[in-house]
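Asker: Questions regarding the structure given below will be posed in turn.
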Amino acid sequence: MGANSSSSIAELSSNEYLQKLVGKNPIPEEDPFWNQMLSFSFSISKNSSDARLLEEAITSLCKTFASNNLQSGNLCTLIRIFLVRVGELKKSAQSEDHVHTWQTYNALFIIRCAIKYFLEYLSEGRIIQHLSVTQQPQQLSLDEDSMEGGISGAAGGEPLLQQFLHGLVQLLVEVPVLNFNYVVHLEAINTLLVILSVQMFIPRITHKNMFYDCIMQGKCAKDAHILVKSLLDHFIKHQECPPELLEDSKEPVSFLYGITAAVAAGLWTILTLGYGARSGKDGEKMETALLSNQSLLLLLVLTNHYTHEKGSRNPYRVALCNFSNSQDGGTPASPSGSLPPFKINFMNLYEAFCKHLGDDQTTLLLYLLLHRNLNFRTFILSRTNIDQLMMPLLKILYNAQDKNSHHIYMALIILLILSEDDAFNKCVHELIVKNISWYTERAISQITLGGLIVLVVIRTIQFNMTRMRDKYLHTNCLAALANMSSQFHSLHPYVTQRIVSLFEMLIKKHDKIVVFLQSAEAEDGADEEAENDDLLSDLAVLEEVIRMVLEIINSCLCSTLAHNPHLVYTLLYKRELFTGFKTHPKFQDIIQNIDTVLTYFSAKLDQEQSEGTQLSVQEVLEVIKQGMLQWPRDRLRKFPDLKFKYVEEDQPEEFFIPYVWSLVYHSSNLYWDPDRVELFSLNTV
């Protein structure tokens with residue numbers, strides 16, 4: 001069979017080349033078989049279940065391979081053939097050798113399929129054996145020390161797995177991405193994801209694994225900073241798959257692609273799981289910048305593992321936390337004992353976040369950079385167009401009902417980190433945003449960005465109270481508002497209404513629980529006692545939330561009263577809400593300031609209001625504004641400034657590793673057998 005041969009999914013299990021590959025007989029590297037097999041193309045039906053159908057079709061082949069490879073060593077031979085081709089791939093890129101590129105892709109694709117099966121069904125020790133078979137001219141041998149000393153049987157004594165992983169890294173960092181080799185880069189990333197996916201099949205966080213040891217140490221580690229830069233570059237460029245390779249392209253295969261496109265047109269469905277043919281919600285075209293998406297997922301995987309011990313050093317995480325802006329002069333100082341830092345254009349990276357901040361993985365990367373990379377955080381906080389980043393972030397929170405809880409957490413923590421900076425809090429109240437199409441609660445022609453942040457965060461709190469009931473989420477929401485409160489400026493009347501409405505909703509819930517507990521005091525029984533304990537716990541949380549809302553209002557009154565007449569107006573309009581808390585031991589101190597403001601401006605209004613007449617809204621506002629000019633600044637009791645700082649959990653990997661792998665499971669366009677996943681529950685992620 002030559003380059004123009006093809007096979008359907010149903011015919012794969014009986015394909016003579018694949019049958020020979022998985023058989024017991026060793027095939028020498030110089031055998032013409034390899035060129036013939038790697039010149040084979042598949043003609044695949046194009047629909048969203050193709051990937052699963054493919055794996056089902058090749059299960060018997062993989063099972064046979066697992067039985068025979070220890071005798072044949074053909075997987076190791078194929079890996080060595082791939083490594084030779086990687087060394088030549090740079091030259092083939094320069095000469096646009098499409099046949100060589102295509103055969104390299106085919107070799108890698110077959111390796112990935114085999115390793116994926118082995119990872120899901122074989123033990124780590126057994127996989128070591130499969131990657132330790134060495135071929136001699138007329139015989140095969142299995143290194144007796146392979147079970148104890150790692151994977152050997154490679155040239156120069158270097159373990160074959162290390163060579164293979166480093167070959168993938170070299171491909172990604174040394175071979176430029178061109179249209180005709182786009183799929184090879186994509187397949188290299190997919191293969192790394194598959195190899196590292198061993199974590200998904202383990203119910204606990206693994207801190208010792210041969211695959212991770214290889215990628216975190218040795219030659220791979222030395223290129224870690226270059227790989228991180230390459231993956232970030234892919235995210236920034238957001239390069240779409242060449243149209244000639246998309247399965248729904250109506251254009252004829254051009255001579256430029258030659259034989260590569262002829263096969264890719266068939267293989268593309270395997271590679272993308274029918275991704276190009278599927279549509280998103282409401283008929284939207286699905287993302288076609290697959291290299292960007294896969295790069296982002298791999299970057300998250302590499303930087304979130306092996307972070308549990310202070311003594312262990314993840315070179316990819318070090319690189320991510322220390323790169324600097326290529327537009328800044330000078331050479332950045334290298335962190336002690338780390339790899340040389342690299343530079344990247346921060347403006348391009350910032351713009352990429354502004355354009356693509358809609359999915360979990362992009363939000364998670366932004367969180368990591370804000371939390372860990374001081375250079376990039378400083379750059380973001382200096383932006384005068386911060387609205388370009390904040391608008392998509394707020395849209396995530398606004399559509400909380402369509403997002404998973406982890407995504408909402410990440411968006412809120414990003415907001416909390418930004419709100420720690422006073423310059424940010426000042427800036428957002430100076431920026432005006434107009435005609436926000438996604439905000440449908442009420443038509444607002446224009447509002448400050450700070451006002452919009454308050455609206456969306458309050459909406460998130462209310463959503464959480466009715467759906468999620470998550471104290472941690474409440475805390476983050478209110479902490480961000482508290483950080484901003486001393487800089488509240490020119491609050492829109494609708495914003496002040498929502499602040500007070502939140503307080504009103506909270507005290508109604510508070511009163512309802514109090515009444516229920518009072519009526520239940522006479523009740524007996526274990527069930528009633530347990531229910532009362534739950535209600536007392538809810539009441540304690542609710543009172544903490546109420547206290548924080550009052551502190552936020554008080555902070556604004558103490559710091560920027562003169563710039564928020566609409567807040568004073570709304571408080572006066574709803575002043576009866578605060579009366580009942582004057583004597584409450586948990587709130588009376590903070591209520592005193594609010595009551596002082598209300599008493600002062602009520603007196604001003606009484607002076608202006610003739611008996612039997614009512615002032616209009618504009619007249620009331622004018623009285624308030626005049627009263628502000630005479631307001632004595634020392635009338636209010638001084639409270640400590642509200643300053644909350646985000647602190648990561650003691651064992652963050654317990655949260656981040658399952659989260660990252662859930663993103664890979666759902667967003668990588670690779671098929672994963674749900675019955676094999678043990679790291680996280682598919683029902684809760």
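The values are calculated or read from the model by the stated rules, or taken from the named source; none is laboratory data. If you're wondering where the values come from, they're calculated on a predicted model, not measured in any experiment. For neighbour counting, all protein chains shown are included, and Cβ atoms are generated from backbone atoms with ideal geometry for every residue, glycine included. For the accessible areas, the whole protein counts, side chains as well, though only heavy atoms, and no ligand, DNA or RNA atoms are used. Shrake-Rupley method; radii C 1.70, N 1.55, O 1.52, S 1.80 Å.
Asker: Give segment 556-596 a look and list any residue that's exposed (fewer than 15 other Cβ atoms within 10 Å of the Cβ) and more than 18 Å from residue 506 (Cα to Cα), or say none.
Answerer: Listed by number, the residues that qualify are 562, 589, 592, 596.
Asker: Cβ contacts < 8 Å: first residue more than 14 Å from residue 182 (Cβ to Cβ) and charged (D, E, K, R), restricted to segment 86-114; second residue open to solvent by 20 Å² or more (accessible area, probe 1.4 Å) and not in a helix (DSSP H, G or I), any location; separation 6+ or different chain. Result?
Answerer: Pairs found: 91/97.
Asker: Within the set of pairs 6+ apart or on separate chains, which have a first residue in segment 55-83 that is surrounded by fewer than 17 Cβ atoms within 10 Å (Cβ to Cβ), a second that is of a type in the set (Lys, Arg) and not in a helix (DSSP H, G or I), and C-beta atoms under 8 Å apart?
Answerer: Partner pairs satisfying both residue conditions: 71/24.
Asker: Within segment 353-407, work out how many residues are closer than 21 Å to residue 455 by Cβ and part of a loop (DSSP other than H, G, I, E, B).
Answerer: The qualifying residues number 6.
Asker: So, one more: So residue 271 passes all but one of these: (1) at pLDDT below 50; (2) hydrophobic (A, V, I, L, M, F, W, C); (3) closer than 17 Å to residue 171 by Cβ; (4) in contact with a His (Cβ under 8 Å, 6 or more places away or on another chain). Which condition number does it fail?
Answerer: For residue 271, the exception is condition (4).
Asker: Taking the criterion of being acidic (Asp, Glu), over 23 Å from residue 26 (Cα atoms) and at pLDDT 90 or above, would at least one residue in segment 86-102 satisfy it?
Answerer: Looking for residues that are acidic (Asp, Glu), over 23 Å from residue 26 (Cα atoms) and at pLDDT 90 or above, one finds none in segment 86-102, hence no.
Results for (1) outside any helix (DSSP H, G or I); (2) touching a Phe, Trp or Tyr at 6+ places or on another chain (Cβ under 9 Å), shown as yes or no for each residue.
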{"site": "79", "(1), (2)": "no, yes"}
{"site": "84", "(1), (2)": "no, no"}
{"site": "90", "(1), (2)": "no, no"}
{"site": "101", "(1), (2)": "no, yes"}
{"site": "134", "(1), (2)": "yes, no"}
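Asker: From the residues in segment 629-654 that are touching a residue at least 40 places away in the same chain (Cβ under 8 Å) and open to solvent by less than 60 Å² (accessible area, probe 1.4 Å), which one is nearest to residue 552 (Cα to Cα)?
Answerer: Per the stated criteria, the residue is 642.
Asker: Please find, within segment 416-450, the residue that is surrounded by the most Cβ atoms within 10 Å (Cβ to Cβ) out of those that are in a loop (DSSP other than H, G, I, E, B) and β-branched (Val, Ile, Thr).
Answerer: Residue satisfying both the conditions and the ranking: 436.
Asker: Restricting to segment 184-207, name every residue that is open to solvent by 10 Å² or more (accessible area, probe 1.4 Å) and among the β-branched types (Val, Ile, Thr).
Answerer: 198, 202, 205, 206
Asker: So, one more: Enumerate the helices (runs of 4 or more DSSP H) found wholly within segment 158-228, keeping only those where 3 or more residues are within 21 Å of residue 294 (Cβ to Cβ).
Answerer: In segment 158-228, 160-174, 182-196, 210-216 are the helices (runs of 4 or more DSSP H) which contain 3 or more residues that are within 21 Å of residue 294 (Cβ to Cβ).
Asker: Are any residues in segment 656-668 of a type outside the set (Gly, Ala, Ser), open to solvent by 20 Å² or more (accessible area, probe 1.4 Å) and touching a residue at least 24 places away in the same chain (Cβ under 8 Å), and if so, which ones?
Answerer: The answer is 658, 665.
Asker: Could you tell me whether any residue of segment 483-490 is out of contact with any Ser or Thr (no Cβ under 8 Å at 6 or more places or on another chain), touching a residue at least 24 places away in the same chain (Cβ under 8 Å) and not charged (D, E, K, R)?
Answerer: no
Asker: Another question, if that's okay. Out of all the residues in segment 653-670, is one or more farther than 27 Å from residue 362 by Cα and either more than 21 Å from the chain's Cα centre (by Cα) or outside any loop (DSSP other than H, G, I, E, B) (or both)?
Answerer: no
Asker: Within segment 364-397, take every residue that is among the polar types (S, T, N, Q) and over 20 Å from residue 233 (Cβ atoms) and give me the one that is most open to solvent (accessible area, probe 1.4 Å).
Answerer: 384
Asker: Cβ-Cβ under 9 Å, sequence separation 6+ or interchain: first residue in segment 25-39 and exposed (fewer than 14 other Cβ atoms within 10 Å of the Cβ), partner assigned to a loop (DSSP other than H, G, I, E, B). Which pairs?
Answerer: 28/137
Asker: Quick check on segment 526-570: of everything there that is of a type in the set (D, E, K, R) and farther than 17 Å from residue 458 by Cβ, which residue is modelled with the lowest pLDDT?
Answerer: Among them, the one singled out is 527.
Asker: Sticking with this one: Restricting attention to segment 606-628, which residues are of a type in the set (A, V, I, L, M, F, W, C), at pLDDT 90 or above and either farther than 21 Å from residue 578 by Cβ or open to solvent by 30 Å² or more (accessible area, probe 1.4 Å) (or both)?
Answerer: Listed by number, the list holds a single entry, 617.
Asker: Residue 466 passes all but one of (1) over 25 Å from residue 648 (Cα atoms); (2) in contact with a helix residue (DSSP H, G or I) (Cβ under 6 Å, 6 or more places away or on another chain); (3) polar (S, T, N, Q); (4) part of a helix (DSSP H, G or I); which number fails?
Answerer: Every condition holds for residue 466 apart from (2).
Asker: Look through 502, 473 and report the one residue that is over 25 Å from residue 375 (Cα atoms) and over 29 Å from the mean Cα position of the chain (by Cα).
Answerer: That would be 502, the only listed residue that is over 25 Å from residue 375 (Cα atoms) and over 29 Å from the mean Cα position of the chain (by Cα).
Asker: In this structure, is residue 676 under 25 Å from residue 551 (Cβ atoms), surrounded by 12 or more Cβ atoms within 10 Å (Cβ to Cβ) and of a type in the set (Lys, Arg)?
Answerer: No; evaluated as a whole, the condition is false for this residue.
Asker: Next question, about the same structure. Between residues in segment 405-427 that are under 17 Å from residue 490 (Cα atoms) and residues that are of a type outside the set (S, T, N, Q) and part of a helix (DSSP H, G or I), which pairs lie under 7 Å by C-beta distance while being six or more apart or on different chains?
Answerer: Once the first residue is under 17 Å from residue 490 (Cα atoms) and sits in segment 405-427, its partners that are of a type outside the set (S, T, N, Q) and part of a helix (DSSP H, G or I) give 423/381; 424/381; 424/418; 425/484.
Asker: I need the full set of residues from segment 336-363 which are open to solvent by 30 Å² or more (accessible area, probe 1.4 Å) and either on the phi > 0 side of the Ramachandran plot or of a type outside the set (A, V, I, L, M, F, W, C) (or both), in order please.
Answerer: Answer for segment 336-363, where residues must be open to solvent by 30 Å² or more (accessible area, probe 1.4 Å) and either on the phi > 0 side of the Ramachandran plot or of a type outside the set (A, V, I, L, M, F, W, C) (or both): 336, 337, 340, 341, 343, 345, 348, 351, 355, 356, 358, 359.
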